[in-house]
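The values are calculated or read from the model by the stated rules, or taken from the named source; none is laboratory data. This one's a predicted model, so the numbers in the text were calculated from it and none came from an experiment. Glycine gets a Cβ as well: all are built from the backbone with ideal geometry, and neighbour counts include every protein chain shown.
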């Protein structure tokens, strides 16, 4: 888990070949963990924790966009394989501790 909107995933390429890539979740724009105000960094930690709860250690399905960003990561929609849960933008009031 990188932060509240970027994860590292092991992509199964078939024939027992995997590659670890960074994936920026489309629709997420989590606060940064290491810049901004103390409150913004705390919000970033909450977003990261919520994302970890949804996908950490889970098998997921990705639908990537064709373009790559300049940050050496893919853009993707993510679904949990176990129950088909679409990993969507969390409710902002929940994420901001309201």
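Numbers at a glance
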{"item": "Total residues in region 1-22, condition modelled with pLDDT under 95 and not in a strand (DSSP E or B)", "result": "5"}
{"item": "Some residue of region 23-31 being farther than 17 Å from residue 76 by Cβ, surrounded by 14 or more Cβ atoms within 10 Å (Cβ to Cβ) and at pLDDT below 95", "result": "yes"}
{"item": "Criterion: touching a residue at least 24 places away in the same chain (Cβ under 8 Å), assigned to a loop (DSSP other than H, G, I, E, B) and on the phi > 0 side of the Ramachandran plot - qualifying residue of 84, 57, 27", "result": "27"}
{"item": "Members of region 7-22 found to be under 19 Å from residue 48 (Cβ atoms), in contact (Cβ under 8 Å) with a residue 40 or more places away in the chain and surrounded by fewer than 18 Cβ atoms within 10 Å (Cβ to Cβ), listed by number", "result": "21, 22"}
{"item": "Hits in region 45-57 - residues which are more than 12 Å from the chain's Cα centre (by Cα) and either surrounded by 14 or more Cβ atoms within 10 Å (Cβ to Cβ) or within 17 Å of residue 86 (Cβ to Cβ) (or both)", "result": "45, 46"}
{"item": "Residue among 67, 72 that alone is assigned to a loop (DSSP other than H, G, I, E, B), out of contact with any helix residue (DSSP H, G or I) (no Cβ under 9 Å at 6 or more places or on another chain), modelled with pLDDT under 85 and surrounded by fewer than 15 Cβ atoms within 10 Å (Cβ to Cβ)", "result": "72"}
